[in-house]
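A short reminder: the numbers here are calculations on the coordinates, not readings from a lab. Source: prediction; values computed, not measured. Note that each Cβ is placed from the backbone with ideal geometry, even for glycine, and that neighbours are counted across all protein chains shown.
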Amino acid sequence: MSFQVALNFEDGITRFVRCRPDETVAEASYKARVNIPLDCRDGACGTCKSLCESGSYDGGDYIDEALTDDEAASGYCLPCQMTPESDLVLRIPSSSAAAKTAAATHTATLTGIERHSATTVEFTLDVDDRQALDFLPGQYVNITVPGTDQSRSYSFSSGPSQRQISFLVRIVDGGAMSRYLTERARVGDRLDFTGPMGSFYLRALTRPALLLAGGTGLAPLLSMLERLAQEAPKHPVHLIYGVTTDEDLVHLDTLQDYAEVIPGFTFDHCVADPSSTARNKGFVTGLMDAGTLHDGSADVYLCGPPAMVEAVRGHITGLGVNPASFHYEKFTPAAVRATAEAA
Ligand code: FES
C-alpha cells in the first residue's frame with residue numbers, strides 16, 4: 001500500500017511520488033530521484049520545511065527550532081519526518097531544477113477533435129504512458145503544436161482518473177494551435193507535451209466553494225468537477241460561467257450532468273453580448289453577491305482572462321467580503337499562462 005504525494009515546486013512544476021505509510025516523504029522522494037531540500041534529515045534544522053495543502057499525515061519527531069507549533073497548526077510540515085496517512089499535496093520551497101528534476105515529457109495520439117462552435121474546439125488525447133501521468137485537477141501542460149517549434153499551455157478539461165485527457169481551445173486568428181486544429185489536425189496525429197504544472201488546483205474542500213470561469217477558463221473547473229463527482233463533497237459548490245457571445249458557450253449539458261451527480265453543486269451562466277438569448281446578460285460579477293461568497297467563508301477558484309480576474313478582485317473588494325481563499329489563473333488568448341497563483 002502506498003499513497004500519492006504531489007510535490008509542487010516554486011517554478012510551478014509538479015512531480016508525483018508514491019510513499020508507503022512506513023516511509024517518510026523525503027525517503028520516497030529521493031528513491032524517485034527527486035532531491036527535495038534536505039540537510040539534517042533529523043527534524044532539527046528546518047531546511048525541508050514545506051506546506052501541506054491537502055491530506056493527512058503523521059508529522060513525526062522534531063524540535064521547535066525546526067517547526068514551531070504555530071507553523072504545524074498552519075499546515076507546515078517536515079518531509080524528512082512526516083509519513084503519509086492519505087494522498088498529500090506539498091508545496092516544496094525550491095525550484096524543480098534545484099531538486100534535480102523537471103517536468104515530465106509525454107507523447108500521445110490525437111483521438112478526437114470536437115468543434116463546439118466557430119470559437120471553441122475541444123480535442124482528446126490518448127497518452128502512451130497514461131499510468132505515468134498524474135496531475136491535480138486544475139493543472140495544465142505545455143503542448144508542442146505539431147509541425148512547429150511552438151508550444152501552448154492548456155489546462156486539462158478531463159479529470160485525473162479519466163483514461164483519455166482533453167483540452168478546450170479558444171480559436172484565435174493566426175494562433176499556432178488554432179491553425180493546427182482547424183486546418184491540419186487529423187485523428188491519429190502524434191503530439192508531445194510536458195507537465196503537469198501550475199499551482200491552480202483544487203484543494204481539499206473544507207468549506208463552500210465558488211468557481212468562476214471566463215470562456216475556455218471553464219476547462220480546469222471541469223477537471224475539478226470530475227474530481228468532486230467522485231468525492232461527493234459535504235459543502236455547497238457554485239459555478240458561474242461567463243462568456244462573450246452565445247457561440248462561446250460550451251458544456252452546459254456537462255454542467256447539468258454534474259449538477260445531478262454532485263451533491264450541493266449548482267451553476268449559472270451569463271453572456272456579455274447584449275443581443276444574447278441567455279437569461280443573464282453581462283459579466284460574472286453581476287451574478288456575485290455576498291451570498292455567493294457565503295459572506296467570506298467560501299474558497300474562490302477563478303480561471304479567465306486578466307481583465308476578468310481584475311474585475312472579480314475589484315468586485316469582491318467592493319462587496320466588503322474577504323474570501324477564505326482566492327485561487328486564480330490568468331490566461332491570454334495565445335493560451336500562455338501568465339500566472340498561476342493563490343492569494
Ligand atoms: Fe532538517 Fe528536515 S532536513 S528538519
Report the residue count in the range 129-171 for those that are among the charged types (D, E, K, R) and in contact (Cβ under 8 Å) with a residue 40 or more places away in the chain. 3
Has the range 81-96 got any residue that is out of contact with any strand residue (DSSP E or B) (no Cβ under 8 Å at 6 or more places or on another chain) and under 30 Å from GLU231 (Cα atoms)? yes
When the range 19-46 is examined, which residues are found to be more than 9 Å from the ligand (Cβ to nearest atom), over 23 Å from ALA97 (Cβ atoms) and either without any contact (Cβ under 8 Å) to a residue 24 or more places away in the chain or basic (Lys, Arg) (or both)? ARG20
The range 53-77, subset within 14 Å of the ligand (Cβ to nearest atom) and under 16 Å from ASN8 (Cα atoms), residue surrounded by the fewest Cβ atoms within 10 Å (Cβ to Cβ): TYR76
Condition first: over 13 Å from TYR241 (Cα atoms), in a helix (DSSP H, G or I) and of a type in the set (A, V, I, L, M). Can you find one or more residues in the range 292-306 that meet it? no
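Considering only the range 174-209, state which residues are closer than 20 Å to VAL5 by Cα and either in contact with a Pro (Cβ under 8 Å, 6 or more places away or on another chain) or surrounded by 24 or more Cβ atoms within 10 Å (Cβ to Cβ) (or both). Please lay out each step first, then the result.
From the range 174-209, those closer than 20 Å to VAL5 by Cα are 194-206; that's our starting set.
Of everything in the range 174-209, those that are closer than 20 Å to VAL5 by Cα and either in contact with a Pro (Cβ under 8 Å, 6 or more places away or on another chain) or surrounded by 24 or more Cβ atoms within 10 Å (Cβ to Cβ) (or both) turn out to be PRO196, GLY198, PHE200, TYR201, LEU202, LEU205.
Results for (1) surrounded by fewer than 17 Cβ atoms within 10 Å (Cβ to Cβ); (2) not in a loop (DSSP other than H, G, I, E, B); (3) not hydrophobic (A, V, I, L, M, F, W, C), shown as yes or no for each residue.
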site	(1), (2), (3)
GLY242	no, yes, yes
LEU255	no, yes, no
SER275	yes, no, yes
ILE316	no, yes, no
Is it the case that the range 106-122 has a residue that's of a type outside the set (Phe, Trp, Tyr), touching a residue at least 40 places away in the same chain (Cβ under 8 Å), surrounded by 14 or more Cβ atoms within 10 Å (Cβ to Cβ) and under 21 Å from ASN8 (Cβ atoms)? yes
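Out of LEU88, LEU67, report the one residue that is of a type in the set (A, V, I, L, M) and more than 20 Å from ASP134 (Cβ to Cβ).
Going through LEU88, LEU67 in turn, just one is of a type in the set (A, V, I, L, M) and more than 20 Å from ASP134 (Cβ to Cβ): LEU67.
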Can you tell me which condition GLU10 does not meet? The list is (1) surrounded by fewer than 22 Cβ atoms within 10 Å (Cβ to Cβ); (2) closer than 25 Å to ILE63 by Cα; (3) within 26 Å of the chain's Cα centre (by Cα); (4) of a type outside the set (Phe, Trp, Tyr), and all the others hold. (2)
Step by step: first the residues of the range 78-99, then only those that are within 16 Å of the ligand (Cβ to nearest atom) and β-branched (Val, Ile, Thr), then the one that is surrounded by the most Cβ atoms within 10 Å (Cβ to Cβ). Which residue is that? ILE92
For the range 210-235 the number of residues that are surrounded by 18 or more Cβ atoms within 10 Å (Cβ to Cβ), outside any strand (DSSP E or B) and hydrophobic (A, V, I, L, M, F, W, C) is 7
Name the pairs whose Cβ atoms lie under 8 Å apart, with the first residue in the range 63-75 and within 22 Å of ALA204 (Cα to Cα), the second assigned to a helix (DSSP H, G or I) and within 12 Å of the ligand (Cβ to nearest atom), and 6 or more positions between them or separate chains? none
